[in-house]
Amino acid sequence: DAERSPGQDLAGRQVLISAGGTREPLDPVRFLGNRSSGRQGVALAEAARSRGATVTLVAAHLEVAVPDGVTVLNVSSTVELQQTMREAAATADIVIMAAAVADYRPAAVQAGKIKKDVAGDRLSLELVRNPDVLAGLVEERRQGQVIVGFAAETEPDETLRRELGRTKVQRKGSDLLVLNRVGWTQGFATERNEIEVLDRAGDIVMEASGTKLSVAHRILDSILQVVSPA
Ligand code: CTP
Ligand code: CA
């Protein structure tokens, strides 16, 4: 499109991004959570916005501010995240699941605070599997919609890590999988990130490191490679 100014390569696209970490309530004052700050997802929202996209951010307990011009839908638990993502995905061209989703939640949420005098010296929690939000979105994918997953892997061996990524992208059925090297670059709550982007076959199509904003732009570059023309 010759009308488009350079850098507006996402103009006319609806981009849906989940970010942050879900929390699973145990009782009215406690939850099970994870260490995701939401920085990479928020950086993706900012980058997509600056490239002309209409951006919706499904936000689970972000520790960072959301950029102007982005529609924010706040969620807490995985089931809430799933509901909100499903509804918003119905009109999205690109869906990016950057949120750290709890794999399990307490089987029961206690109506009142768990008390030591009732629970005693040991407390066991029964957890049940959460739905796989990404896999569900892939199942309900609209025609031409591009779906991107994230995977935080702690495996230090490069060959083994890529094999984990290959298996995961094939299991999830997403178009792309962003492999986030947590554990050795401390991917959480830092300003920088180091990633590899795998295609659906599990082959590496992009490697990037730098600030989360620069990495976000490289991820969007990879996505544009697989998006069909507007
Ligand atoms: N994800 C999801 N729903 C879940 C768990 C994960 O949508 N219940 C999404 C994440 O947002 C991410 C991708 O799936 O985009 C991969 O998450 P990850 O935790 O790496 O994979 P899992 O399938 O949960 O496998 P595991 O944690 O056992 O390695
Ligand atoms: Ca998981």
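The values are calculated or read from the model by the stated rules, or taken from the named source; none is laboratory data. Given the structure is predicted, the values throughout are model-derived calculations rather than measurements. In this analysis, Cβ positions are derived from the backbone assuming ideal geometry, glycine residues included, and neighbour counts consider all displayed protein chains.
Annotations
- Considered as a group, the residues in the range 68-103 that are touching a Lys or Arg at 6+ places or on another chain (Cβ under 6 Å) and away from ligand 1 (no atom under 16 Å from the Cβ) include one that is nearest to LEU16 (Cα to Cα), and that residue is ASP93.
- Pick from the range 176-230, criterion charged (D, E, K, R) and within 20 Å of LEU10 (Cβ to Cβ), ranking: modelled with the lowest pLDDT: LYS212
- Candidates THR78, THR84, filtered to the one that is under 20 Å from GLY38 (Cβ atoms), away from ligand 2 (no atom under 14 Å from the Cβ), in contact (Cβ under 8 Å) with a residue 12 or more places away in the chain and in contact with a strand residue (DSSP E or B) (Cβ under 9 Å, 6 or more places away or on another chain): THR84
- When the range 137-161 is filtered for residues that are more than 12 Å from ligand 1 (Cβ to nearest atom), hydrophobic (A, V, I, L, M, F, W, C) and crowded, with 16+ Cβ neighbours inside 10 Å, only VAL146 remains.
- Sub-8 Å Cβ pairs linking a first residue in the range 102-118 that is in contact (Cβ under 8 Å) with a residue 60 or more places away in the chain to a second residue that is assigned to a loop (DSSP other than H, G, I, E, B) and away from ligand 2 (no atom under 16 Å from the Cβ), at least 6 apart or interchain, are PRO106/LEU125; PRO106/GLU126; GLN110/PRO28; ALA111/PRO28; GLY112/PRO28; LYS113/PRO28; LYS113/VAL29; ILE114/LEU123, ordered by first then second residue.
- Restricting attention to the range 137-161, the residues that are touching a Lys or Arg at 6+ places or on another chain (Cβ under 7 Å), more than 20 Å from ARG13 (Cβ to Cβ) and among the small types (Gly, Ala, Ser) add up to 1.
- The set of residues in the range 104-136 that are in contact with a strand residue (DSSP E or B) (Cβ under 7 Å, 6 or more places away or on another chain) and within 14 Å of ligand 1 (Cβ to nearest atom) comprises TYR104, ARG105, LEU127, VAL128, ARG129, ASN130, VAL133, LEU134.
Table: residues versus (1) touching a residue at least 40 places away in the same chain (Cβ under 8 Å); (2) among the hydrophobic types (A, V, I, L, M, F, W, C).
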site	(1), (2)
ALA152	yes, yes
PRO156	no, no
ARG161	no, no
LEU164	no, yes
LEU177	no, yes
GLU194	no, no
SER214	no, no
PRO229	no, no
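- Looking only at residues in the range 128-147 that are of a type outside the set (Lys, Arg) and within 14 Å of ligand 2 (Cβ to nearest atom), the one that is nearest to ILE223 (Cα to Cα) is LEU134.
- Test result for SER76, crowded, with 16+ Cβ neighbours inside 10 Å and among the hydroxyl-bearing types (Ser, Thr, Tyr): yes
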